[in-house]
Amino acid sequence: MSECSVVVEDLWKEYPGGIVAVRGVSFEAGRGFTSLMGPNGSGKTTTLSMVAGALKPSRGRIVVCGLDVWGREGVRARRLIGFAPQDMPFKEKLSGMENLVWIGMIRGLGYVDAKRQARRALELVGLEAHGNRRVVTYSGGMRRRLTIAACVMHEPEVLLLDEPGSGLDPRAREEVWGLIESLGRGRIIVYSTHISQEAERHSDRVLIFHSGGIVAGGPPRMLIERYAPMPRIIVYHDPGGAPPMVDGLPGYSRGDGVTYYEVEEASSALPKIIEAFLRAGIQVHKVEVKRPGLEEVYFRVTGARLEA
Amino acid sequence: MPVSQVLAEVYAFLKSMLRYREIAFWNIGFPIIFLLVLIAVFGGEPGVLEIDVAVVDYDRGPFSSVIIQALNSTGALKLQLSDLGLEELRKAIANGSLSAAVFIGEGFSENITQGSQGRVLLLYYSNPQSGDYIASIIESVIGEASRGIAARIAGDARAEILLEPISVEGVPVSPEILATKGGVRTFYVIGMIGVQILFSGLYTGAGIIVERKRDGTLKLLLSSPMRGYTIFAADTVTSMVALLISATAIVVVGRLAGADYSLIEWRDALAMSGLFAVGLLGSLGLGLVIAPLARSPEAVNMLVNSIAFPLMFLGGIIIPAFILPEWAQDIPKALPLYWCLEGVRRIVLYNYGIGEALGVALPGIIASLALYIAGAIVYRRLLEKSVEIV
Ligand SMILES: Nc1ncnc2c1ncn2[C@@H]1O[C@H](COP(=O)(O)OP(=O)(O)O)[C@@H](O)[C@H]1O
Ligand SMILES: [Mg+2]
């Protein structure tokens, strides 16, 4: 295994009808976890589909381990890719095992290999006891685990996962991420998410998507350091009345009784803020101290909220 | 061509057949039920509804027209003037489309005028229930006419007198298998296989991209190491497998319901399978050619049904082409599948040799293959377009 990476150069996608879903995206993803983080409609799925070889770019180049996905080596490049669309098209009435064999064969494995790899993949994702059950009886978490199994059947270098953690309850999400972390070791993982905590916890590198372009990128710690280093104090209070200034700092109000302040240091700022509210005669219900995260970075960079 | 991806579709089809009742129904249940209904309703002893008699008059003399008038005057016979040759007449009678034929050769009137006998050939369907009876009616009508002619000539001093100026030579034509109960049922067995070919080919062809787009497998396939024609090949092979299963069920149930396969030798079976397979290719091709008209699985449904239902009845598939109304007579001829089925029928029902049968089917074979190639081209265009939006 020589050094391998996913290189995306000036990628554009204009859908028929004139919608430009991706506008000039470039990045390089090496081994480890790269997340595409952005709100719905920011172009993550479109980008991943193009990298996976399922959607033709209007312009730009995608090279996977030296092979051009949309060029002559396209077939070889696709052998290196394991792609999980947000909804894997399982055949509901077939068993998990049968679905894996089918997908394995689509990915180019012979029947015997597909069967062996399916058994192995089921074990890897902890579904060996449920392999003979129909997929329609699976829970959301089991389905997602089966999706991941389907992606690793042919032992690809690159895993492309579209929203692997969304739509799951917190426990199932934990489980799925545990799996992705362990299976992703040594591989190139590129995934999309609209959940900032997910990107923060599970990325070596985050690419922030906004309106079809990347507006910032880097390791999560670095992005936070650079764009939103200061902790926030969030005050939940009676609506009405302008939030007071504290030490010359304005509060950012959402207008519905929630105001937050960006401060240098939470412990010294907290009493001052409460005092200011009392003095202004606004009743405070609750105060939260929040360490800044990618959510704040997104807001700072784009001026928009990540999770609307 | 990556074989495993082609086989992936076959694998999923076979597994789905076990799990999805609707798939098993359309491939096995439906054709069996339909076949049994056809056999129950139409599969009895082929009745002679009308006494269709063809008259071939190469004489065009005064005495031949006397005979024709006489036959016409009975009112019991439905006469049609024809210029078929003897062999063609024999075939038309053997397959039940004619009850009898009266053949009057050249020089018939001349012979009578010169005092020798005029000879008439009476080809008739030698079926003990109706054929012999029809022959005797015709014979007696001609006998009557003969005596009339004798009387007329007797009044003419120049001519010699012959008591029976006309002799009738009866030529019994033994019924071919289609004119038997088992044969009619076999006709429906073949027709039912044809129906499966028509529907499954059109459905598969017209839905090749659209169905996969809807259920998301297109994305999966495109992101896999497949080549341009992989899906096309996969669907071709899968529909062949589906047809094999359907046809086996139809043939077995047909046998149990009294279809007659006695004329089939194993070499014939091979040729027939080939004709069915080519017919399927044509049907797939036709489906692909119309595929651009259907942008959703629902539209595929509507489009395919609106084409396949009328063709099932008017395309010479489950209704014999020769009993279609006049205005519909040419519809089957425009359908390649009809010719392929016709080739099969010639072997099974009319005991043609393989070479002869393939000769009959040739236009259908060529047109089917051409459609399949056209379908391949349309498929590539559809695939290229589908990569633009997923
Ligand atoms: N098939 C399509 N045709 C037209 N526009 C599309 C299509 N698919 C996605 N889009 C548009 O492209 C933009 C990006 O969508 P998408 O890549 O799905 O975003 P995300 O995955 O980040 O939510 C959206 O504005 C969406 O409406
Ligand atoms: Mg998306």
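Taken together, the criteria exclude B:Thr186 from residues that are under 18 Å from B:Glu298 (Cβ atoms), touching a residue at least 12 places away in the same chain (Cβ under 8 Å), out of contact with any Pro (no Cβ under 8 Å at 6 or more places or on another chain) and away from every other protein chain (no Cβ under 14 Å). Could you go through the range A:79-86 and let me know if any residue there is β-branched (Val, Ile, Thr) and more than 16 Å from ligand 2 (Cβ to nearest atom). Yes: the range A:79-86 contains one or more residues that are β-branched (Val, Ile, Thr) and more than 16 Å from ligand 2 (Cβ to nearest atom). Right, B:Arg19: within 11 Å of chain A (Cβ to nearest Cβ) and of a type in the set (Lys, Arg) or not? Yes: the conditions hold for B:Arg19. Confirm whether A:Leu159 is outside any helix (DSSP H, G or I), open to solvent by less than 40 Å² (accessible area, probe 1.4 Å), more than 16 Å from ligand 2 (Cβ to nearest atom) and under 21 Å from A:Leu109 (Cβ atoms). It is true that A:Leu159 is outside any helix (DSSP H, G or I), open to solvent by less than 40 Å² (accessible area, probe 1.4 Å), more than 16 Å from ligand 2 (Cβ to nearest atom) and under 21 Å from A:Leu109 (Cβ atoms). Please give the number of the condition A:Lys115 fails out of (1) touching a residue at least 60 places away in the same chain (Cβ under 8 Å); (2) farther than 19 Å from A:Thr45 by Cα. So A:Lys115 meets the others, but not (1).
Does A:Glu14 satisfy being within 14 Å of another protein chain (Cβ to nearest Cβ), under 17 Å from A:Gly213 (Cβ atoms) and away from ligand 2 (no atom under 16 Å from the Cβ)? Talk me through it step by step, then tell me what you get.
Working: within 14 Å of another protein chain (Cβ to nearest Cβ): yes; under 17 Å from A:Gly213 (Cβ atoms): yes; away from ligand 2 (no atom under 16 Å from the Cβ): yes.
The answer is yes for A:Glu14.
All conditions in (1) within 16 Å of ligand 1 (Cβ to nearest atom); (2) more than 14 Å from every other protein chain (Cβ to nearest Cβ) hold for A:Val190, with the sole exception of (2). Within the range B:49-98, being on the phi > 0 side of the Ramachandran plot and not charged (D, E, K, R) holds for B:Gly75, B:Gly96. Just one of (1) modelled with pLDDT of 95 or more; (2) more than 28 Å from B:Pro225 (Cα to Cα) fails for A:Leu168. It is (1).
Entry remark, the range A:275-294: residues being farther than 13 Å from A:Pro231 by Cβ and either touching a residue at least 24 places away in the same chain (Cβ under 8 Å) or touching a Leu at 6+ places or on another chain (Cβ under 6 Å) (or both) number 11 in total.
Could you check the range B:31-121 for helices (runs of 4 or more DSSP H) lying wholly inside it with 1 or more residues that are of a type in the set (Val, Ile, Thr) and open to solvent by 20 Å² or more (accessible area, probe 1.4 Å)? Let's see the steps before the verdict.
Values: elements: B:62-73, B:86-94, B:108-113.
Here the list reads B:62-73, B:108-113.
Taken over the range A:177-210, residues that are in a strand (DSSP E or B) and either open to solvent by 20 Å² or more (accessible area, probe 1.4 Å) or free of Cβ contacts under 8 Å to residues at least 40 places away in the same chain (or both) amount to 2.
Considering the range B:217-329, the qualifying helices (runs of 4 or more DSSP H), each wholly inside and each with 1 or more residues that are in the same structural domain as B:Ser368 (by TED's automatic domain parsing), under 23 Å from B:Ala376 (Cβ atoms) and open to solvent by 60 Å² or more (accessible area, probe 1.4 Å), run over B:230-256, B:266-290. B:Leu382 meets each of the listed conditions (1) over 30 Å from A:Tyr15 (Cα atoms); (2) out of contact with any Ser or Thr (no Cβ under 8 Å at 6 or more places or on another chain) apart from (1). Within the range B:13-30, if we keep just the residues that are among the aromatic types (Phe, Trp, Tyr) and open to solvent by less than 60 Å² (accessible area, probe 1.4 Å), the residue that is farthest from A:Val101 (Cα to Cα) turns out to be B:Phe30.
The values are calculated or read from the model by the stated rules, or taken from the named source; none is laboratory data. Model, not experiment: these values are computed from the prediction. Quick reminder, even Gly has a Cβ in these numbers, built from the backbone with ideal geometry, and neighbours come from all protein chains shown. Side chains are part of the model used for accessible areas, which takes the heavy atoms of the whole protein and leaves out ligands, DNA and RNA. Shrake-Rupley method; radii C 1.70, N 1.55, O 1.52, S 1.80 Å.
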